[in-house]
DNA sequence: GCGCTCACCATACAGACGTATGGTCCGGCG
DNA sequence: CGCCGGACCATACGTCTGTATGGTGAGCGC
């Protein structure tokens, strides 16, 4: 199992190497869960040796933390771009919410990775903090949209909207008996936005 | 580490023993995740030997499957009881939805177990099927309530409602920055029911 | 009393895991 | 030219995992 090594390949700087390893790792997690994301499997899939992985990430915890941060950063960045490019507040919110649904392979993979990390985050405080802050950023992004749409309580609206999308995502991921189709999930999001984005009427407590 | 054994204890029949082991296992999963749920840890926590666990569950997969089925059955049973006892359709739906939120220690533990199993269910088809059918039963129970409330599309309403509760649960579980409090989550559920349970107006496609 | 079975035990085993160690090869600096 | 550090390698180590194996004592039918 000797690996051909391109010594001091000038094309690859350390940060890029780390990013590549993280990206391969995330693919492994998406396919086989965190159980399948061993250092050996990562080395194999990336075509490098165990030592190479160790060289770039001192411990596995550091590796996992980097990978998890990466997913959060990716999602946040995409949400911001969607928010910036959208023509209306509703389109921005809708775009961000649909990003949470497994509507194509990429989004499904990200969802699987997210779920795997969420499970781990329950027992690893460091990951829990990252997840909490990721959720916070997502909520903030959505709240911005709801605020632009002049909704009375933008944060509450964002909380509810992302909760709905998140829950729909798990139902799509584990489709069974009369589980919703992708179109029905999108319709559910649209229906929610219909009621959430009209001038919110005041109700009695 | 010799364990005192009560030979042929007449109080304990095999099924009861299995149930007890499953219950101890679920506590382990809730506390330490599936990574902490090893056969040795289970044997220790239950005060029996490794062999005893093996005697009641041939493999670990069988053990995990039993445990997972147990959680699903528990939730379904509770949902049904809540549905039966509720005075109004709205109360039934609300009660089931609140059962999905981590409002006390028991419900938080069940949620942690559910999340851990969901992550595993992504890579283990047998668990995935159980999860899918559990989600289906939950949806059916809720749909019954929505049907009783004369909602136009009970299944869609159930899908959306459980999605919302599920998403709120994860936000409560990983509370961060401006995450919702338990009260706010309940308020979000109530708000959702307010709009979901009024005579649904027809919208254009 | 004698097997039989059931429930349970202690221990052993092979494999996989994360990590540590020592080496090799390269570009670049003095 | 010598050497130094970075990138990478092969391998070894100890631990932990699920599982297999053989044994032991209690109750019970005969």
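Hey, among B:173, B:142, B:168, which residue is assigned by TED's automatic domain parsing to the domain that holds residue B:120, surrounded by 24 or more Cβ atoms within 10 Å (Cβ to Cβ), within 20 Å of the chain's Cα centre (by Cα) and under 28 Å from residue A:125 (Cα atoms)?
Working: B:173 fails: surrounded by 24 or more Cβ atoms within 10 Å (Cβ to Cβ); B:142 fails: under 28 Å from residue A:125 (Cα atoms).
That would be B:168, the only listed residue that is assigned by TED's automatic domain parsing to the domain that holds residue B:120, surrounded by 24 or more Cβ atoms within 10 Å (Cβ to Cβ), within 20 Å of the chain's Cα centre (by Cα) and under 28 Å from residue A:125 (Cα atoms).
List the residue pairs whose Cβ atoms are under 8 Å apart, where the first residue sits in segment B:36-54 and is away from every other protein chain (no Cβ under 14 Å), the second is modelled with pLDDT of 95 or more and within 6 Å of DNA strand C (Cβ to nearest atom), and the two are 6 or more positions apart or on different chains.
B:39/B:50; B:40/B:50; B:43/B:49; B:43/B:50; B:43/B:52; B:46/B:52
The conditions are (1) surrounded by fewer than 19 Cβ atoms within 10 Å (Cβ to Cβ); (2) away from every other protein chain (no Cβ under 13 Å); (3) assigned to a helix (DSSP H, G or I), and residue B:103 fails exactly one of them. Which is it?
(3)
Just name the residue that is nearest to residue A:122 (Cα to Cα) out of those in segment B:115-129 that are more than 9 Å from chain A (Cβ to nearest Cβ) and in contact (Cβ under 8 Å) with a residue 60 or more places away in the chain.
Residue satisfying both the conditions and the ranking: B:127.
How about segment B:38-52: which of its residues are part of a helix (DSSP H, G or I) and near DNA strand C (Cβ under 10 Å from one of its atoms)?
Quick first cut of segment B:38-52, residues part of a helix (DSSP H, G or I) only: B:39-46, B:50-52.
Answer for segment B:38-52, where residues must be part of a helix (DSSP H, G or I) and near DNA strand C (Cβ under 10 Å from one of its atoms): B:39, B:40, B:43, B:46, B:50, B:51, B:52.
Please verify whether residue B:128 is within 24 Å of residue B:35 (Cα to Cα) and in a helix (DSSP H, G or I), treating the condition exactly as stated. Outline the logic, then answer.
Details: within 24 Å of residue B:35 (Cα to Cα): yes; in a helix (DSSP H, G or I): yes.
Spelling it out, residue B:128 is indeed within 24 Å of residue B:35 (Cα to Cα) and in a helix (DSSP H, G or I).
Please state which of the following conditions residue A:28 fails to meet, knowing it meets all the rest: (1) within 16 Å of DNA strand D (Cβ to nearest atom); (2) within 14 Å of chain B (Cβ to nearest Cβ); (3) free of Cβ contacts under 8 Å to residues at least 24 places away in the same chain.
(1)
If I go through segment A:134-157 residue by residue, how many of them are over 18 Å from residue A:77 (Cβ atoms) and assigned to a helix (DSSP H, G or I)? Walk me through how you get there before you give the answer.
If we filter segment A:134-157 for residues that are over 18 Å from residue A:77 (Cβ atoms), which is where we start, we get A:146-157.
With assigned to a helix (DSSP H, G or I) added as a condition, the list becomes A:146-148, A:154-157.
Residues flagged as over 18 Å from residue A:77 (Cβ atoms) and assigned to a helix (DSSP H, G or I) within segment A:134-157 amount to 7.
Looking at segment A:138-149, I want the residues that are over 19 Å from residue A:166 (Cα atoms) and have a partner that is part of a helix (DSSP H, G or I) with Cβ atoms under 6 Å, at least 6 apart or on another chain. Which pairs are those?
If the second residue must be part of a helix (DSSP H, G or I), the pairs left are A:147/A:154; A:148/A:89; A:149/A:89; A:149/A:197.
For residues in segment B:61-72 being within 14 Å of chain A (Cβ to nearest Cβ) and surrounded by 15 or more Cβ atoms within 10 Å (Cβ to Cβ), which is farthest from DNA strand C (Cβ to nearest atom)?
Taking segment B:61-72 first, the residues within 14 Å of chain A (Cβ to nearest Cβ) are B:61, B:64, B:68, B:72.
Cutting the leftovers down to surrounded by 15 or more Cβ atoms within 10 Å (Cβ to Cβ) gives us B:64, B:68, B:72.
Numbers: B:64: 18, B:68: 22, B:72: 25 Å.
Restricting to residues being within 14 Å of chain A (Cβ to nearest Cβ) and surrounded by 15 or more Cβ atoms within 10 Å (Cβ to Cβ), the top hit is B:72.
Each row is one residue, and each column tells you yes or no for (1) more than 27 Å from residue B:121 (Cβ to Cβ); (2) away from DNA strand C (no atom under 14 Å from the Cβ); (3) modelled with pLDDT under 95.
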residue: A:12; (1), (2), (3): yes, no, yes
residue: A:26; (1), (2), (3): no, yes, no
residue: A:33; (1), (2), (3): no, no, no
residue: A:55; (1), (2), (3): yes, no, no
residue: A:90; (1), (2), (3): yes, yes, no
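Listed residues A:194, A:166, A:190; which is outside any loop (DSSP other than H, G, I, E, B) and more than 8 Å from chain B (Cβ to nearest Cβ)?
Within the list A:194, A:166, A:190, the selection yields A:190.
Could you identify the single residue in B:112, B:78 that is assigned to a helix (DSSP H, G or I) and more than 10 Å from chain A (Cβ to nearest Cβ)?
It is B:78.
Looking at (1) surrounded by 17 or more Cβ atoms within 10 Å (Cβ to Cβ); (2) modelled with pLDDT of 95 or more; (3) over 15 Å from the mean Cα position of the chain (by Cα), which is the only condition residue A:197 fails?
It is condition (2) that residue A:197 fails.
Have a look at A:158, A:147, A:132 and point out the one that is surrounded by 21 or more Cβ atoms within 10 Å (Cβ to Cβ), closer than 22 Å to residue B:185 by Cα and either touching a helix residue (DSSP H, G or I) at 6+ places or on another chain (Cβ under 7 Å) or facing chain B (nearest Cβ under 7 Å) (or both).
Answer to the check: A:158.
Need the failing condition index for residue A:109 against (1) within 21 Å of residue A:130 (Cβ to Cβ); (2) crowded, with 18+ Cβ neighbours inside 10 Å, just the number.
Going through (1) within 21 Å of residue A:130 (Cβ to Cβ); (2) crowded, with 18+ Cβ neighbours inside 10 Å one by one, residue A:109 breaks only (2).
The values are calculated or read from the model by the stated rules, or taken from the named source; none is laboratory data. In this text the structure is predicted, and so the values were computed from the model without any measurement. Counting neighbours? That spans all protein chains shown, and the Cβs are built from the backbone with ideal geometry, glycine included.
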